[in-house]
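Working notes for the structure below.
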Amino acid sequence: MTGVVDISAIIPVERDHGDLETLHLAYKTALEDFGKTYEIVYVLDGNLPGSLEKLKVMQVKDQTTRIVQLAKKFGEDAALSTGFMYSTGDTILTLPAYYQIQASEIGKILRELQDQDMVVARRWPRRGSRLQSLRRRTFHKLLRAITNVELSDLGCRVRAFKREVCREIPIYGDQFRLMPVVAIRQGFRVKELDVAQ
């Protein structure tokens with residue numbers, strides 16, 4: 001697909017994933033159901049021949065798919081920043097290259113963005129070990145104490161935001177996790193939304 005679209009879904013790929021085709025189809029179905037024009041931009045973080053081969057096959061079948069490959073491994077935040085640069089949509093949707101939420105929840109997130117600048121997915125009900133739960137709660141409690149910002153699932157990579165947010169908040173290092181906190185502090189309207197894990 002060429003030209004400007006409504007939604008750019010950016011998916012950083014940090015390692016080879018066995019079920020990339022299945023995940024792609026789930027994401028694609030959710031975006032089609034939303035009814036706006038879209039592109040799916042995969043950013044490969046370094047040399048990932050298995051994923052690259054799968055994506056090339058998918059790209060032949062699906063003109064909404066774009067592939068960007070970084071010359072070496074720079075990390076997820078660099079991959080996302082590259083995706084921001086290579087995408088065209090006014091709405092940015094970041095998605096992981098693995099299952100974090102049910103893809104059918106994507107439309108719910110995008111609809112909520114109409115009244116917000118950023119929507120952050122909160123996986124609920126949350127599954128995981130007691131140790132993971134304790135670590136997560138401790139991190140978010142400390143974050144609230146320092147920033148006075150009420151968010152509870154910054155580990156979820158599923159986020160939708162208007163392009164102006166990523167123009168105002170450059171991402172480098174390991175800052176994408178804290179992007180909603182920075183956005184709130186800069187005056188953007190940010191909402192955390194419960195979605196099915």
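The values are calculated or read from the model by the stated rules, or taken from the named source; none is laboratory data. Every value quoted in this text rests on a predicted model; they were computed, and no experiment measured them. Glycine also receives a Cβ, built like all others from the backbone with ideal geometry; neighbour counts cover every protein chain displayed. Ligands, DNA and RNA are stripped out before the accessible areas are found, and what is left, the full protein with its side chains, is counted by its heavy atoms. Shrake-Rupley method; radii C 1.70, N 1.55, O 1.52, S 1.80 Å.
Overview of results
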{"item": "Residue among 111, 122 that is open to solvent by 80 Å² or more (accessible area, probe 1.4 Å) and modelled with pLDDT of 90 or more", "result": "111"}
{"item": "Any hit, region 128-136, residues being among the small types (Gly, Ala, Ser), modelled with pLDDT under 95, open to solvent by 20 Å² or more (accessible area, probe 1.4 Å) and assigned to a helix (DSSP H, G or I)", "result": "yes"}
{"item": "Residue within region 33-56 that is in contact with a Lys or Arg (Cβ under 6 Å, 6 or more places away or on another chain), in a loop (DSSP other than H, G, I, E, B) and not aromatic (Phe, Trp, Tyr) present", "result": "yes"}
{"item": "Scope region 164-181; condition open to solvent by 30 Å² or more (accessible area, probe 1.4 Å), in contact with a Phe, Trp or Tyr (Cβ under 9 Å, 6 or more places away or on another chain) and not acidic (Asp, Glu); matching residues", "result": "167"}
{"item": "Residue within region 71-81 that is modelled with pLDDT of 95 or more, outside any loop (DSSP other than H, G, I, E, B) and open to solvent by less than 30 Å² (accessible area, probe 1.4 Å) present", "result": "no"}
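A quick yes/no check of all residues on (1) among the acidic types (Asp, Glu); (2) open to solvent by 10 Å² or more (accessible area, probe 1.4 Å); (3) on the phi > 0 side of the Ramachandran plot:
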residue	(1), (2), (3)
21	yes, yes, no
33	yes, yes, no
39	yes, no, no
42	no, no, no
48	no, yes, no
